[in-house]
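In what follows, a single structure is set out as structure tokens and then discussed.
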Ligand code: NAP
């Protein structure tokens, strides 16, 4: 029997008025049911978080740390169960589902560790003539009630990136997961409750972002919104949230440079992983590859060969490399963008077809230009375009010719060319000898330009989730 979750509010499972189905994207089979919260249920969740905020602020750091540490340990013991749950709702291959669960263990662990080092600073008050005879220092004050809104593509780990740092720094949380992938958020709440997280500290409400989103982010009892998702929704949240802290982790069309002296074997191997993990549904998915003209034809031939060996299949098959997109509408959109690029002069050299209602073959495009949707917008599908360049300045200009700026990569053995790229690329992160898709969870992670505002990674998220309070003693 598929499992049914209720709302998780104030430490209790609360029956909802309406429920919605969760289905496996690959074949539409029923996975479970979750609430579709209405505005009254959303109010209950915010109220619970609001009432618990004083207790959260006053809980000693070692206790907050211990709860998160235990949750990370228990999750580590249940990787298979969580990995399968991730794959069933998101449709990602099971090996990636388990990989995400392992990353979530680390995210909770880093949050537990950071809970013990949230520190202010002392100020040299007498540096100012008016500050003589004063002693000054700052303390980090938790913001209070934090709303976390998460996307479908990493349903567990991105929830941990909101919940872990928020709990670590003495805040309470209302978490709204994506409607297509909500079950792992409830599993996370269950896990944290088992580890002793008090009632009201974390509340989970699934429900349509289009129905409850505006009310949630603009609510007067909400002190901060931390959002991960599309640019479109990010823009909307930013304009509606009002005067409160908002962090936005948004999309990208990430690129990598394969320079003339690159380790070609390494570059090929990493580009295949970067372009096709979770069918390209990763915010830092490799979408644009720029190869130095002298080695371009060599790279192209070998890249096509490697992409053709990827196995497309059911997400629960151990040897599946690429599975479906999350919704049929997304697969149709990606198919249409490929066809549009071809009509504008691009050449499909691998894949290019929709092979089931939700599945797109791993696709490689040549002869694309910067104004096609497959290059200038976020594809969020298994489509990589390969272009070439002459000088490094040209390659960097091509990477920067984007309204996004999340992460980028450069493969080169020349340290000065690598550091020039690191300096001149307009992105939140530059990976040297790797694809933009590289991330471990303690990194400061976030984008420039339309890729967002603020940084995640427990230490950096805690800086956003607390504010400095100045204390001055008149000696
Ligand atoms: P999405 O459509 O923007 O949805 C993200 C979340 O926002 C969902 O929970 C959604 O709820 C909710 N939402 C929708 N409308 C809302 C509104 N008006 N107010 C408040 N919340 C609302 O994104 P997605 O398709 O799930 O995820 C893919 C996107 O996320 C891509 O653009 C990807 O690049 C980005 N992403 C960024 C990062 C990063 O760290 N930079 C990481 C992962 C993904 P419903 O599901 O109920 O609509």
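Since every read-out is calculated from the coordinates, none of them should be taken as a lab result. Fair warning: this is a prediction, and the values are worked out from it, not measured in the lab.
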Overall Cα dimensions of segment 346-395, principal axis frame, Å, largest first: 41, 20, 14
Equivalent ellipsoid dimensions for segment 336-475 as semi-axes, Å, which come from the Cα gyration tensor, largest first: 36, 20, 13
Using alpha-carbon coordinates, inclination of helix 296-308 to the longest axis of the chain, degrees: 70
Rounded to the nearest whole Å³, what is the per residue volume of the convex hull around the Cα atoms of segment 255-432? 105
Estimated [θ] at 222 nm from DSSP helical runs (n ≥ 4, -39500 (n - 2.57)) normalised by residues in the chain, nearest 500: -12500 deg cm²/dmol
Go from 0 up to the bin containing the longest alpha carbon distance in segment 33-169, width 5 Å each, and give me the % of pairs per bin. 2, 9, 14, 15, 15, 14, 11, 7, 4, 3, 2, 2, 1
Rounded to the nearest 10, the angle in degrees between the Cα long axis of helix 157-168 and the longest principal axis of the Cα atoms of the chain comes to 20
Report the far tail of the P(r) of the chain, meaning the percent of Cα-Cα pairs longer than 41 Å. 20
Hey, what angle do you get for helix 183-194 against the long axis of the chain, alpha-carbon based, 0 to 90 degrees rounded to 10? 40
